[in-house]
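Asks: One structure, as structure tokens, below. Some questions next.
The values are calculated or read from the model by the stated rules, or taken from the named source; none is laboratory data. Given the structure is predicted, the values throughout are model-derived calculations rather than measurements. Counting neighbours? That spans all protein chains shown, and the Cβs are built from the backbone with ideal geometry, glycine included. What goes into the accessible areas is simple: the full protein's heavy atoms, side chains included, and nothing from ligands, DNA or RNA. Shrake-Rupley method; radii C 1.70, N 1.55, O 1.52, S 1.80 Å.
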Amino acid sequence: MKKRLGILLSGRGSNFEAIADNVAAGRLDAEIAVVISNRPEARGLEVARQRGLHAVCIPSKGLDREVYDRMLAEELRRCRVDLICLAGFMRLLSAWFVREFPFQILNIHPSLLPAFPGLDAQAQALEHGVKVSGCTVHFVDEYLDHGPIILQAAVPVLEDDTVETLSARILREEHRIYTEAIRIVLSGRWRIEGRRVRILPE
Ligand code: GAR
């Protein structure tokens, strides 16, 4: 039986599209069971619908965090999701939610964590003056952009970079490593040692 992915997003959805392309091309042995957005205007939601995927909006505005997370969990369980992938989902998940799905939630972030968590990571990197940045796929815990790291990819920061050019360079790597991290997690060839995610040989 194919493993079932639940994608959570809030905006553009390019990471979701990269995952969906890899699923469609047979490069990722899984299926997308549901795409959920907390924002009705998210472009990713529209793209999911156009692709004929089950796409649901659960608006989060004005809702208490745990009340919202219980609604999310209900939909994910209804869709029998095995792995939850945050793809530009701009909301912190409650400790309750994280405990409900232990080591079943992944996030992608556009920096080499633990550097530059939170919003506008690429702008933070430029302002700080780092010479190398990149992206990180990690298990989600109750803290922002914080859980055990599965994969990272580095890119150079060039002298004439703007937020746009650096973001584009990082995004190409995001699209590559997110699928790779999902593949590793679904294969089960990993184990946790403290904060370290040990990837076992095939
Ligand atoms: C991506 O760059 C992702 O890494 C970032 O939001 C963007 C979403 O783009 N996520 C975070 O900053 C999480 N803290 P997308 O909607 O085109 O995938």
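Asks: Among all residue pairs at least 6 apart or on different chains, which show Cβ distances below 8 Å where the first residue, located in the stretch 36-58, is more than 17 Å from V81 (Cβ to Cβ) and the second is modelled with pLDDT under 95?
Replies: Close Cβ pairs (under 8 Å, with a partner that is modelled with pLDDT under 95) amount to R39/S60.
Asks: Oh, and also: Can you report the number of residues in the stretch 14-32 which are open to solvent by 10 Å² or more (accessible area, probe 1.4 Å), hydrophobic (A, V, I, L, M, F, W, C) and either under 23 Å from E74 (Cβ atoms) or more than 14 Å from the ligand (Cβ to nearest atom) (or both)?
Replies: So the answer is 4.
Asks: Anything in the stretch 98-110 that is open to solvent by less than 20 Å² (accessible area, probe 1.4 Å), of a type outside the set (V, I, T) and under 13 Å from the mean Cα position of the chain (by Cα)? List them, or say none.
Replies: L106, N107, H109
Asks: Can you find even one residue in the stretch 62-82 that is within 13 Å of the ligand (Cβ to nearest atom) and either surrounded by 19 or more Cβ atoms within 10 Å (Cβ to Cβ) or among the aromatic types (F, W, Y) (or both)?
Replies: Step one: of the stretch 62-82, the residues within 13 Å of the ligand (Cβ to nearest atom) are none.
No, the stretch 62-82 contains no residue that is within 13 Å of the ligand (Cβ to nearest atom) and either surrounded by 19 or more Cβ atoms within 10 Å (Cβ to Cβ) or among the aromatic types (F, W, Y) (or both).
Asks: Continuing with the same structure: Kindly list, by first and then second residue, each pair from a residue in the stretch 135-155 that is under 13 Å from I192 (Cα atoms) to a residue that is among the hydroxyl-bearing types (S, T, Y), limited to pairs with Cβ atoms under 9 Å and residues at least 6 apart or on different chains.
Replies: Listed pairs, sorted by first residue: I149/T136; I150/T136.
Asks: To continue, here is another question. Spot the failing condition for G134; the list is (1) open to solvent by 10 Å² or more (accessible area, probe 1.4 Å); (2) farther than 26 Å from A73 by Cβ; (3) within 13 Å of the ligand (Cβ to nearest atom), and only one is missed.
Replies: Among (1) open to solvent by 10 Å² or more (accessible area, probe 1.4 Å); (2) farther than 26 Å from A73 by Cβ; (3) within 13 Å of the ligand (Cβ to nearest atom), G134 violates only (1).
Asks: Being basic (K, R), more than 14 Å from the ligand (Cβ to nearest atom) and open to solvent by 10 Å² or more (accessible area, probe 1.4 Å) narrows it down to one residue among R39, R49; which is it? Before the answer, list the steps.
Replies: Details: R39 fails: more than 14 Å from the ligand (Cβ to nearest atom).
When all the criteria are applied, what remains is R49.
Asks: Looking at the stretch 137-160 only, could you name the residues that are within 11 Å of the ligand (Cβ to nearest atom), in a strand (DSSP E or B) and of a type in the set (A, V, I, L, M)? Steps first, please.
Replies: Start the filter on the stretch 137-160 by keeping residues that are within 11 Å of the ligand (Cβ to nearest atom), which leaves 137-138, 140, 144-146.
Next cut, in a strand (DSSP E or B) only: 137-138.
Residue satisfying the conditions is V137 alone.
Asks: Assess whether G44 counts as being within 12 Å of the ligand (Cβ to nearest atom), surrounded by 21 or more Cβ atoms within 10 Å (Cβ to Cβ) and not β-branched (V, I, T).
Replies: Details: within 12 Å of the ligand (Cβ to nearest atom): yes; surrounded by 21 or more Cβ atoms within 10 Å (Cβ to Cβ): yes; not β-branched (V, I, T): yes.
Yes, satisfied.
Asks: For the stretch 169-202, name all the residues that are under 17 Å from the mean Cα position of the chain (by Cα) and hydrophobic (A, V, I, L, M, F, W, C). Give the derivation first.
Replies: Step one: of the stretch 169-202, the residues under 17 Å from the mean Cα position of the chain (by Cα) are 170-186, 197.
I170, L171, I177, A181, I182, I184, V185, L186, V197, listed by residue number.
Asks: Another question, if that's okay. Checking P117 against (1) open to solvent by 20 Å² or more (accessible area, probe 1.4 Å); (2) in a loop (DSSP other than H, G, I, E, B); (3) over 27 Å from R198 (Cα atoms), which single condition isn't satisfied?
Replies: Failing condition for P117: (3).
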